[in-house]
Amino acid sequence: MNKKWTISKIQEFVLKNSESKLLSTEYHGFSQKLLFKCACGTNFEKTFTKFKNNAQRKCDTCQPPKESR
């Protein structure tokens, strides 16, 4: 069963599982990019799916994207 994510549940997940902070105040679905602030102070955008499942929880400077296959 799929879990329904709300902005408050996402904020709680981000707080518990990363050093980043969630800056977005609304969540409209899995394809929406959310705005985060990295521990280094850089703002970055990721979908919550990528943030949650692929552990892309930092900005591209602190955690460079993996090369595509």
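The values are calculated or read from the model by the stated rules, or taken from the named source; none is laboratory data. Source: prediction; values computed, not measured. Cβ sites come from the backbone with ideal geometry, for glycine too, and all protein chains shown count toward neighbours. To get the accessible areas, we keep the full protein, side chains included, count just its heavy atoms, and leave off ligands, DNA and RNA. Shrake-Rupley method; radii C 1.70, N 1.55, O 1.52, S 1.80 Å.
Here are the numbers for this structure:
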{"quantity": "Hits in the range 35-69 (condition: under 19 Å from Thr6 (Cα atoms) and of a type in the set (Asp, Glu))", "calculated": "Glu45"}
{"quantity": "Residues within the range 28-48 that are open to solvent by 50 Å² or more (accessible area, probe 1.4 Å) and more than 16 Å from Thr61 (Cα to Cα), tallied", "calculated": "4"}
{"quantity": "Selection count where residues are touching a residue at least 24 places away in the same chain (Cβ under 8 Å) and open to solvent by 80 Å² or more (accessible area, probe 1.4 Å), scope the range 1-27", "calculated": "1"}
{"quantity": "Residue in the range 30-48 that is in a loop (DSSP other than H, G, I, E, B) and touching a helix residue (DSSP H, G or I) at 6+ places or on another chain (Cβ under 6 Å) present", "calculated": "yes"}
